[in-house]
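Structure record follows, encoded as structure tokens.
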Amino acid sequence: MSVALSVAVNAQRMTDSETHSAYIQAVDEYVPAPGQFVNDLPIYEDGDDAAAMAAKCTAVLANDERGLVSLGGWGGYITFHFDHSIANVSGERDIFIRGNAIQSMSFTSVAGGSSEPGIIMVSKDTNNNGLPDDEWYEISGSADVDSVGLVDYGYSVTYRRNAMQDIPWTDNRNGSGVIPRINQFHSQEYYPQWITADEMTFTGTRLPRNAYRHTQTVNGQEYGEWVFMFMRYGYADNQPNAQKEACSIDIDWAVDAERKSVKLDFVDFVRVYTGINQVVTANIGETSTEISGAEDLHLEASLAAIKEATGIEECREDDTVKAQSYYSLSGQQLQQMGNGLNIVRMSNGKTRKVLIK
């Protein structure tokens, strides 16, 4: 039986603006593994660095633009945030993540199609610096109960640069393989070109393979298709976006590194990484998670919870408790308090929300 752990929070984040959005505000990190759509979704241009590529991801994902970003092979990831902390509303799913999965049109009775499940992780800005550098918690999806013994929780893969050729990889299970080039469809370099290192290593959870060949006979001719089976819940790019509940997660599903349940009241950052290491055929290529957006499913509840949790207090100093540091609502450290709402970290470790008019 898992044990729920409570993670303390001293502050929640909310931009100092009159209105707030339910959709992604910005992408913080884009670190795809090699893949057939990498350097193409979004397009890499000479001179682009990590910040430029993250900005391109923001341009196609923020504000419900519904563009598409590919995460490449297993382990490749993206990190993003909203203009406010997302509250964990009891008994409800909290975050909807869009992908591009579709149902098979040839095998409509089968629960599958183009599913490329991505592992979802969440984090809280507990150090209040506005960066995704606090502890991460994985969202436990249906494979944890449906595929017991088939999920690898300590998996690691290293990819090696091999310009304009198949990209070789090795893992920590004595496995090896390649991300194959599919030149007739995607002629660009598959290794992310803004990454200067010749090796990329990712570590996390590997989901079991989900591709199966289905056949049927039509007019006396046998027809076959690779169908990528859906998982029931808890992953990105796993089921069609129209199945909104299946594409949404409950923050209560978060677990720590030991797979123990964690109780989070808010989250500030979301990360998605490709969860399956799978190449079906050289013509189909690698399984790669794609992301096309995300949404806070209860914006007003999140904003109300932030106001209730932080409050607005007058900052009173005495001989024993003093203001130690100041921050804006977006997490930027300030030299002194300014007009509007300020977060003040006190010498006793507590934080206060202070309104300066």
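The values are calculated or read from the model by the stated rules, or taken from the named source; none is laboratory data. Everything numeric here is computed off the predicted structure, so don't read it as measured data. Cβ atoms come from the backbone with ideal geometry, glycine included; neighbour counts cover every protein chain shown. Ligands, DNA and RNA are excluded from the accessible area calculation, which covers all protein heavy atoms including side chains. Shrake-Rupley method; radii C 1.70, N 1.55, O 1.52, S 1.80 Å.
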- Taking the range 175-201 as the region of interest, how many residues are exposed (fewer than 12 other Cβ atoms within 10 Å of the Cβ) and within 30 Å of S147 (Cα to Cα)? 2
- Would you check which residues across the range 306-346 are at pLDDT 70 or above and part of a loop (DSSP other than H, G, I, E, B) and list them? K322, S328, Q332, Q335, Q336, M337, G338
- Go through the range 226-257 and count every residue that is touching a Ser or Thr at 6+ places or on another chain (Cβ under 9 Å) and of a type in the set (D, E, K, R). 3
- Message: Could you go through the range 65-80 and let me know if any residue there is in contact (Cβ under 8 Å) with a residue 60 or more places away in the chain, among the polar types (S, T, N, Q) and part of a strand (DSSP E or B).
- Response: yes
- Residue check: is Q278 under 22 Å from E116 (Cβ atoms), in contact with a Cys (Cβ under 9 Å, 6 or more places away or on another chain), in contact (Cβ under 8 Å) with a residue 60 or more places away in the chain and surrounded by 18 or more Cβ atoms within 10 Å (Cβ to Cβ)? no
- Message: Looking at G149, G130 in this structure, which one is out of contact with any strand residue (DSSP E or B) (no Cβ under 6 Å at 6 or more places or on another chain), surrounded by fewer than 23 Cβ atoms within 10 Å (Cβ to Cβ) and touching a residue at least 24 places away in the same chain (Cβ under 8 Å)?
- Response: G130
- Query: When you look at S292, is it open to solvent by less than 80 Å² (accessible area, probe 1.4 Å), among the hydroxyl-bearing types (S, T, Y) and modelled with pLDDT under 85, yes or no?
  - Reply: no
- Task: Residue by residue through the range 109-132, note down the ones that are in contact with an Asp or Glu (Cβ under 9 Å, 6 or more places away or on another chain), in a loop (DSSP other than H, G, I, E, B) and among the aliphatic types (A, V, I, L, M).
- Result: L131
- Item | Unique residue being touching a strand residue (DSSP E or B) at 6+ places or on another chain (Cβ under 8 Å), open to solvent by less than 80 Å² (accessible area, probe 1.4 Å) and without any contact (Cβ under 8 Å) to a residue 12 or more places away in the chain when the list is G204, G224 | G224
- All positions within the range 255-305 that are among the β-branched types (V, I, T), under 20 Å from Y155 (Cα atoms) and in a strand (DSSP E or B): V255, V272, T274, V279
- Given (1) in contact with a His (Cβ under 6 Å, 6 or more places away or on another chain); (2) part of a helix (DSSP H, G or I), H84 misses just (2)
- If a residue has to be crowded, with 18+ Cβ neighbours inside 10 Å, small (G, A, S) and over 13 Å from E116 (Cα atoms) to count, how many in the range 227-262 make the cut? 3
- Note on the structure: Within the range 94-111, the residues that are of a type outside the set (A, V, I, L, M, F, W, C) and more than 16 Å from the chain's Cα centre (by Cα) are Q103, S104, S106, T108, S109
- Item | Filter result for D252 (over 23 Å from I284 (Cα atoms) and among the charged types (D, E, K, R)) | yes
- Message: Name the single residue that is surrounded by the most Cβ atoms within 10 Å (Cβ to Cβ) among those in the range 23-55 being free of Cβ contacts under 8 Å to residues at least 40 places away in the same chain and over 24 Å from I86 (Cα atoms).
- Response: P42
- Of the residues in the range 249-297, how many are of a type in the set (F, W, Y) and touching a Phe, Trp or Tyr at 6+ places or on another chain (Cβ under 6 Å)? 1
